[in-house]
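The values are calculated or read from the model by the stated rules, or taken from the named source; none is laboratory data. Predicted model, so just to flag it, every value in this text is computed and none were measured. Note: ideal-geometry Cβ built from the backbone for every residue, glycine included; neighbour counts use all protein chains shown. For the accessible areas, the whole protein counts, side chains as well, though only heavy atoms, and no ligand, DNA or RNA atoms are used. Shrake-Rupley method; radii C 1.70, N 1.55, O 1.52, S 1.80 Å.
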Amino acid sequence: MKQILQNLSSGATELAIVPAPAQSNGQLAIRSAVSLVSAGTERMLVEFGRGGVVAKARQQPDKVREVLAKVRTDGLMATVDAVRSKLDQPLPLGYCNVGRVVSIGSGVDGFAVGDRVLSNGKHAEVVIVPRNLCARVPDAVDDESAAFTVLAAIALQGVRLVGPTLGEAVVVTGLGLIGLITVQLLRANGCRVLGVDMNPARLELARQFGAEVVDLSRGEDPLAAATAFSRGRGVDAVLLTASTVSNEPVSQAAKMCRKRGRIVLVGVTGLELSRADFYEKELSFQVSCSYGPGRYDPDYEEKGQDYPVGFVRWTEQRNFEAALDLMAGGALDMRPLVSHRFDIDDAPKAYDLLASKEPSLGILIRYPDADDTAAEERLLARVVRLADESPTPATKLSSGGVVLAVIGAGNYAGRVLIPALKAAGGQVRTVVSGSGVTAVHHGRRTGAEFAATDAQAAIDDLEVNAVAVATRHDSHARYVLASLRAGRHVFVEKPLCLTLDELAEIETQLSTSSHLRLMVGFNRRFAPQVVKMKSLLESVGEPKSFVMTVNAGAIPPEHWTQDLQIGGGRIVGEGCHFIDLLRHLAGSPIIWHEAVPLGRHPALAVASDKVAITLQFADGSVGTIHYLANGHKGFPKERLEVFCAGRVLQLDNFVKLRGWGWPGFSKMNLWRQDKGVSQCLKAFVDAIRGGGASPISRDELLEVARVSIELGRASQ
């Protein structure tokens, strides 16, 4: 299928061929008919991409501070690589889509195949959208009008926050698409409206919708106009729907208002507020959050958990429905807002128009009908060929090569995992991702033959003999088992699995797959400085004391890694790295373990991410892991100290290794951080190619997984 992508590094807009996205429970698959380009959000992205490095930095000062902090802890080159990779990621554009439902995931009610629906889907021929972000389009509303529904919901949420009453005088500053829709909504609420802008064509549209206007391009004074408009009393409310870095709109809004007036920011403005402007009048100021309650809540948007209507009357979805009802009843007229129409094949021209100075307003993207079976199959294909000419994988297999399907193409997989597999001599045949976009991007970069959204098809490919799994944690066990059952070697990013039941199933499967290599991405044991530590410690026969300090940093409780069902919590999801590292250096089984949480996480459903872990090994060694999310970002993330036989080793963030009391060794410092990723993947590829044993024994992998899961439970 075809999809519009934006490169934030170069600013190029591309019409790409990508596989149809994967559908999960609670989601609808929709074949697009028309979508609307958001003149505000998408213009900002295009301008950001086309700007230089300095312009990007000025637009994202918070990100600049994060980059500088990363330089201090991880070094310059590692930070440059990470920033370049992030900017090079293709960004799917669009969030205003209308089409027909072609399939429905389990757990979805209220929709049927063939329904005409509005969603916040991307600019793509087929989109997958959670049920709470869709609404059925009434018969009285045409597709083009329905495409404005998401923007109408944004405007509607702002109006709801203002709480207008019949007869009130309200100012709308900024008459773009959202501003013009806001004017209509306020008029439908029985308000008198004053529109402020500097574009004569938009001012004329506002007049047609029943507003009085202030033309800034002609030097008209908005404050004087607002005074006259409110009969000298001050306006009741101001809705700011403009996009500017200036603080002036907020200041003007405060001066326009009567005592206890209301100001709601729907757009983007400078927010250096003057206390004097607000204090004497006791003004209220509120920022509106997109489509309404539910926005950015993963339980509502991704898991489909609706808010009770008796407590939250207007959610995102119910705002969609209300906007569509207003269109059906004639209170909202979207037709005058359409300025341009482009077919999907000409979509890059739409973005050239958006970035130009040529006037535009509502830009629509139209999609062709799938009028035959072949066209339908093309749209819904979940595997696409990236190149017509590729090395023949069968030749690679017959000569003992390693041909891989990579499942998961997120930032880590694309920036680190896939390039390291290729450098190790592996041939990546297929890259799989949920949306298909990153699969295409990283597949092209690595020379893969296919991009896919169907993981099982990639696993079952007879030309593949190994699978690398880099998906969200809750899917690791499923893909590991599917790969082993298909007779494939498996590399899985940590953790191996999330539950003891999954671990038992994997262990049972391994007992019938003794010829296959299973590897977990415990890369730290392969880091050159850890290799040196291991060689030094092997000369010491007495027990050792390990002190591992992990300055993990805080992660929001709503992040997927904190979700116990999806990410498993941070001890299972990341702490396993350090459990494995100490197990490796001790060279002895773990016979006892304990986790002591440092208080409970403020979000009660989230396991503690501040935990003191103690491990006791069979040889008498003891390890402590202080996994802490309450430290400062400027402090190095990882430090390991080992005490034994009157000697000490200290590893600082995988850059500096120092030794005290070791004959012939005092330090081993690196120019840049090396956590052993490349060496880990090379060991996996070499084991398959050479027929050797797995680089990490199965017993150790299963032991570390079991201990990590039990410690994760203890930290809840």
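Results for (1) under 16 Å from residue 716 (Cβ atoms); (2) in a strand (DSSP E or B), shown as yes or no for each residue.
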{"site": "542", "(1), (2)": "no, no"}
{"site": "548", "(1), (2)": "no, yes"}
{"site": "554", "(1), (2)": "no, no"}
{"site": "561", "(1), (2)": "yes, no"}
{"site": "566", "(1), (2)": "yes, no"}
{"site": "574", "(1), (2)": "yes, no"}
{"site": "579", "(1), (2)": "no, no"}
{"site": "584", "(1), (2)": "no, no"}
{"site": "594", "(1), (2)": "yes, yes"}
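Can residue 90 be described as open to solvent by less than 30 Å² (accessible area, probe 1.4 Å), modelled with pLDDT under 95 and either over 22 Å from residue 307 (Cβ atoms) or out of contact with any His (no Cβ under 6 Å at 6 or more places or on another chain) (or both)? Quick ask: steps written out before the conclusion?
Working: open to solvent by less than 30 Å² (accessible area, probe 1.4 Å): yes; modelled with pLDDT under 95: yes; either over 22 Å from residue 307 (Cβ atoms) or out of contact with any His (no Cβ under 6 Å at 6 or more places or on another chain) (or both): yes.
Yes.
When the stretch 352-365 is examined, which residues are found to be under 27 Å from the mean Cα position of the chain (by Cα) and of a type outside the set (A, V, I, L, M)? Walk me through it before giving the result.
Narrowing the stretch 352-365 to residues under 27 Å from the mean Cα position of the chain (by Cα): 352, 354-355, 363-365.
352 - this is the single residue of the stretch 352-365 that is under 27 Å from the mean Cα position of the chain (by Cα) and of a type outside the set (A, V, I, L, M).
Of the residues 220, 212, which single one is acidic (Asp, Glu), open to solvent by 30 Å² or more (accessible area, probe 1.4 Å) and closer than 19 Å to residue 261 by Cβ?
212
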### Query
For the stretch 275-309, which residues satisfy the criterion of being open to solvent by 70 Å² or more (accessible area, probe 1.4 Å), more than 30 Å from residue 233 (Cβ to Cβ) and of a type outside the set (D, E, K, R)?
296, 305, 308, 309
### Task
State which residue pairs qualify: first residue touching a residue at least 24 places away in the same chain (Cβ under 8 Å) and inside the stretch 298-324, second residue among the hydroxyl-bearing types (Ser, Thr, Tyr) and open to solvent by 30 Å² or more (accessible area, probe 1.4 Å) in any location, beta carbons under 7 Å apart, and separation of 6 or more residues or different chains.
300/307; 315/307
### Task
Mind listing whichever residues of the stretch 271-281 are without any contact (Cβ under 8 Å) to a residue 24 or more places away in the chain and assigned to a loop (DSSP other than H, G, I, E, B)?
274, 280
### Test: residue in the stretch 238-249 that is surrounded by 22 or more Cβ atoms within 10 Å (Cβ to Cβ) and either farther than 21 Å from residue 177 by Cβ or in contact with a Cys (Cβ under 8 Å, 6 or more places away or on another chain) (or both)
yes
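Residue by residue through the stretch 664-713, note down the ones that are of a type outside the set (Ser, Thr, Tyr), part of a loop (DSSP other than H, G, I, E, B) and either under 27 Å from residue 590 (Cα atoms) or in contact with a strand residue (DSSP E or B) (Cβ under 9 Å, 6 or more places away or on another chain) (or both).
Within the stretch 664-713, the subset of a type outside the set (Ser, Thr, Tyr) is 664-665, 667-677, 679-693, 695-696, 698-707, 709-713.
Okay, now just the ones that are also part of a loop (DSSP other than H, G, I, E, B), so 664, 670-676, 691-693, 695-696.
Correct list: 670, 674, 675, 676, 692, 693, 695, 696.
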## Note on the structure
Across the stretch 527-571, the tally of residues that are closer than 30 Å to residue 682 by Cβ, within 21 Å of the chain's Cα centre (by Cα) and open to solvent by less than 40 Å² (accessible area, probe 1.4 Å) stands at 6
### Query
So which pairs qualify, if the first residue must be in the stretch 107-134 and on the phi > 0 side of the Ramachandran plot, the second must be among the basic types (Lys, Arg), the Cβ gap must be under 8 Å, and the two must be at least 6 apart or on different chains?
107/131; 110/131; 110/136; 114/100
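Looking at the structure I just gave you, is residue 597 under 28 Å from the mean Cα position of the chain (by Cα) and more than 28 Å from residue 698 (Cβ to Cβ)? Reasoning before the result, please.
Working: under 28 Å from the mean Cα position of the chain (by Cα): no; more than 28 Å from residue 698 (Cβ to Cβ): yes.
So residue 597 does not fit the description; no.
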### helices (runs of 4 or more DSSP H) completely within the stretch 385-453 that count 2 or more residues being at pLDDT 95 or above and over 21 Å from the mean Cα position of the chain (by Cα)
418-423
